Amino acid sequence: MSTISSEALGYLRDDVRARWRVLDPLLPEPAPLPAGCGADLVVPGAGGAVRAAGWCRHWAGQPDSLDITWGAARQYELTALVAGPDVRQGLDELLSRWREHLAELPDAAASDCAAVVTWPSRDVAGALPLVRHGLTPLAVIAARDARARRAPAQATQLPPGLRVRRAAPSDIDVVVALGMEVIRFDANFGGVTERTSSESAMRQEMEGLLSHRQPWVWLAERDGEPVGMLAAERPERARWIAPMAGLAPVAYLQEMGVWAGQRGTGTGAAMAAELHRETAEAGVPLILLHYAQVNPLSAPFWSRQGYRPLWTIWEAWPPGAVR
Ligand SMILES: CC(C)(COP(=O)(O)OP(=O)(O)OC[C@H]1O[C@@H](n2cnc3c(N)ncnc32)[C@H](O)[C@@H]1OP(=O)(O)O)[C@@H](O)C(=O)NCCC(=O)NCCS
């Protein structure tokens, strides 16, 4: 069992809260702690204080869910609280303890299984220990804070022949096909796996989004042919990710893809402009999305659209690869 008194935990949370507030105003309060698996992940400090504490959650995805497309089928997720000023050392010691726990797991060497740490992107003191312990920064949760952006003075001109329209339930086939294109492209970068169930799971997700009266799903058409798709969750559907940010309400940009031969001609920007306009009209200040850290198309694209890293997701497949 983790041996941390509520008093020591209170000090640790206060320390983390104070550091995060300075580092990144979009971070939330340090998360309510998960139940964890009971592994002892407490790094003691001087005089009864705690330098760092972690909670390891053991997670298994539903075989028919899209979750196991976006990540490993089984995951060991570390929630880490590390006190300053020496965050590097505190996290290093915590990761050493976690490694011992992971090494004892029956699936420590299973290939469809990952150890995962979601760490604030701007808390850069954590990067070195994570690298040294064998974790790779696979993905980013990026945030776009509309309060920090000025609305364009006039509607941006669409490229010739391009039209962006809201998708309807009858568009489901092309919406799913473009969603699968995103999965296949992202599968190049290590965190995403196309499964036999991916397409049916994608269909179910997209049918859910399209069932809204005014879905935040758009299709771009060039000369009448669909060339791109953007799908986002309204705040009532994006509650699962809202605790990752200190600003609310939150929309979540779930998918965006443009057919390979059509990229780089302004289609993505035109669809993103629709989402940004409607979120602004709905009074939604924050949009979150995931992108693969080394996707050479998405990272610069989202940056130009006003998104920046909030959390970095570090992973080791299999969990026994944490060293
Ligand atoms: C990310 C993506 C949706 C962007 O759509 P897009 O229609 O290519 O975007 P745009 O044309 O509006 O903008 C792309 C920018 O990259 C530039 N670019 C240059 N060469 C490019 C190329 N070979 N391919 C794509 N973009 C290129 C464009 O000029 C443009 O720059 P600008 O904004 O300074 O003009 C698209 O690249 C894509 O479908 N990628 C594969 C799937 C993916 O990565 N999805 C995102 C997952 S988070």
Compute the long axis of helix 87-103 from its Cα atoms, compare it with the longest principal axis of the Cα atoms of the chain, and write down the angle in degrees, 0 to 90, nearest 10.
90 degrees
Pull up the DSSP beta bridges for the chain and report the antiparallel fraction as a percent, rounded to 5.
85 percent
Unit charges on C-beta of K, R, D, E only; dipole of segment 207-256, Debye
300 debye
Using a Förster distance of 51 angstrom, determine the FRET efficiency expected from the C-beta separation of residue 131 and residue 170, and round it to 0.05.
0.60
Enter the Cα centre distance for the pair segment 222-261 and segment 1-77, rounded to the nearest angstrom.
27 Å
Cut-off is 10 Å between beta-carbons; in what order do 223, 171, 14 appear when sorted fewest neighbours first?
223, 14, 171
Whose amide H sits under 5 Å from the amide H of residue 114, counting only residues 5 or more places off or on another chain, with H placed in the peptide plane?
74, 75, 76
What's the magnitude of the charge dipole for segment 3-101 around its Cα centre, counting Lys and Arg as +1 and Asp and Glu as -1 at the beta-carbon? Answer in Debye, nearest 20.
100 debye
Given unit charges at Cβ for Lys, Arg (+) and Asp, Glu (-), the dipole magnitude of the chain about its Cα centre in debye, nearest 20, is 960 debye
Label segment 1-158 by shape, choosing from rounded, prolate and oblate, from the square roots a ≥ b ≥ c of the eigenvalues of the Cα gyration tensor; if a/c is under 1.5 it is rounded, and otherwise prolate applies when a/b is larger than b/c, oblate when it is not.
oblate
Non-local amide H neighbours of residue 233 (under 5 Å, H modeled in plane, Pro and chain starts lacking H): which ones?
252, 253, 254
So for R0 = 51 Å, FRET eff. of residue 240-residue 46 from the Cβ-Cβ r, to 0.05, ends up at 0.85
Ranking of 133, 212 by count of other Cβ atoms within 10 Å, fewest first
212, 133
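Say R0 is 25 Å: what FRET efficiency, to the nearest 0.05, do residue 214 and residue 163 get from their beta-carbon distance?
0.90
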Given only helices, namely DSSP H runs of n ≥ 4 each adding -39500 (n - 2.57), what is the per-residue ellipticity at 222 nm of the chain, to the nearest 500 deg cm²/dmol?
-9000 deg cm²/dmol
Row for segment 205-323, column shape: gyration tensor on C-alpha, a ≥ b ≥ c, rounded if a/c < 1.5 i.e. under 1.5, prolate if a/b over b/c, else oblate; value oblate
Which of the listed residues, 41, 72, 25, is farthest toward the dipole's positive end in the chain, when Lys, Arg count +1 and Asp, Glu count -1 at the beta-carbon?
25
What is the local net charge at residue 26, summed over the other residues whose Cβ is closer than 15 Å to its Cβ (Lys, Arg +1; Asp, Glu -1)?
+4
Listed residues 12, 210, 273: farthest to the positive end of the dipole of the chain (Cβ charges)
273
Ranked list, fewest to most other Cβ atoms within 10 Å of each Cβ, for 124, 50
124, 50
Within segment 265-288, backbone nitrogen closer than 17 Å to the virtual label 7 Å beyond the Cα of residue 150 toward Cβ
none
Classify the chain as rounded, prolate or oblate, taking a ≥ b ≥ c as the square roots of the eigenvalues of its Cα gyration tensor: rounded when a/c is under 1.5, otherwise prolate if a/b is larger than b/c and oblate if not.
prolate
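All of the numbers you see were taken from the coordinates with simple rules; none came from a lab. The shown structure was predicted, so the numbers you read here are calculated from the model rather than taken from an experiment. For neighbour counting, all protein chains shown are included, and Cβ atoms are generated from backbone atoms with ideal geometry for every residue, glycine included.
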